[in-house]
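The values are calculated or read from the model by the stated rules, or taken from the named source; none is laboratory data. Predicted model, so just to flag it, every value in this text is computed and none were measured. Here the Cβ is made from the backbone with ideal geometry for all residues, glycine too, and neighbour counts use every protein chain on show.
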Amino acid sequence: MAKEAPQEEAQRAVTEFRQGLNLPASYAIETVEDAIGAGAMLVAIKAKQKELDERKRAVTRPLDEAKRNALALFTPLETQLKAAEASLKQAILAYNRQVEAARAAEEARLREAQREAEEAAQARADKLLKQGKVERAEAVLAAIPPVPIVVADAPKLEGISERGIWKAEVTNLMALCAAIINGTAPIAYIEANQVALNAYARAAKGQAYVSGVRFYEERGISARS
């Protein structure tokens, strides 16, 4: 007999399980007997939920296992590709930084050379002005060439671009809180640690107190089969 396809197997399990269910559309408890009956039904429903979960797992477990095994075959290649990508990106960034450093150094050299040329020209112009040679002094100053624009010699890589992303790191949480209190920073810059507050609420129960926080108890019903 041919094995059922997962979809067909799941549909058969759902159909069989639905046939054994007989659940009322709504529930109302008015008497002690109603409450006892509701409790018994709740326990029975929990048992049904476990049974349904087992039926579901019987269908999906082989699929999950097959998926895990298939994905595991791709993992080494994915790891190699990611490592190669990261290494190449770092190499390109390092080269771009090297090119930019060389450009900045050359620009600084040219600016220093211009400054020296300006000082020398100004000295010559001052001497000419003392001699009353105004036009020649102006010509000397006008002859100072501007600093040429130094362009980075980085190649244009097809499909590759470098971008910068500005980020923030909190180095002093108390200073940030103080800035929020005095109004120089918005309160949206911090977020309450709900996990820690809930843990404190569970530990301290009704004795929990933190300024600005309301501690309360949510009641619920727990059932086990």
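What residue, of Ile165, Ile221, Ile187, is exposed (fewer than 11 other Cβ atoms within 10 Å of the Cβ), touching a residue at least 12 places away in the same chain (Cβ under 8 Å) and not hydroxyl-bearing (Ser, Thr, Tyr)? Give the derivation first.
Values: Ile165 fails: touching a residue at least 12 places away in the same chain (Cβ under 8 Å); Ile187 fails: touching a residue at least 12 places away in the same chain (Cβ under 8 Å).
Exactly one residue qualifies, and that residue is Ile221.
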Worksheet entry | Of the criteria (1) within 33 Å of the chain's Cα centre (by Cα); (2) surrounded by 12 or more Cβ atoms within 10 Å (Cβ to Cβ); (3) under 30 Å from Val150 (Cα atoms), which one Ala104 fails | (1)
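Inspect all residues belonging to the stretch 117-125 and state whether any of them is more than 30 Å from Gly39 (Cβ to Cβ), assigned to a loop (DSSP other than H, G, I, E, B) and either more than 31 Å from the chain's Cα centre (by Cα) or at pLDDT 90 or above (or both). Full working, then the answer.
Filtering the stretch 117-125 for residues more than 30 Å from Gly39 (Cβ to Cβ) gives 117-125.
After this cut, where a residue has to be assigned to a loop (DSSP other than H, G, I, E, B) as well, the list is none.
There is no residue in the stretch 117-125 that is more than 30 Å from Gly39 (Cβ to Cβ), assigned to a loop (DSSP other than H, G, I, E, B) and either more than 31 Å from the chain's Cα centre (by Cα) or at pLDDT 90 or above (or both).
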Response to the item:
Those residues of the stretch 47-60 that are charged (D, E, K, R) and either in contact with a Cys (Cβ under 9 Å, 6 or more places away or on another chain) or surrounded by 14 or more Cβ atoms within 10 Å (Cβ to Cβ) (or both) come to a total of 3
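Restricted to the stretch 133-158, and to residues that are among the small types (Gly, Ala, Ser) and at pLDDT below 80, which residue is surrounded by the fewest Cβ atoms within 10 Å (Cβ to Cβ)?
Of the stretch 133-158, the ones among the small types (Gly, Ala, Ser) are 137, 139, 142-143, 152, 154.
Next cut, at pLDDT below 80 only: 152, 154.
Working: Ala152: 12, Ala154: 16.
Top of the filtered list is Ala152.
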Response to the item:
Those residues of the stretch 1-33 that are at pLDDT below 90 and assigned to a helix (DSSP H, G or I) come to a total of 14
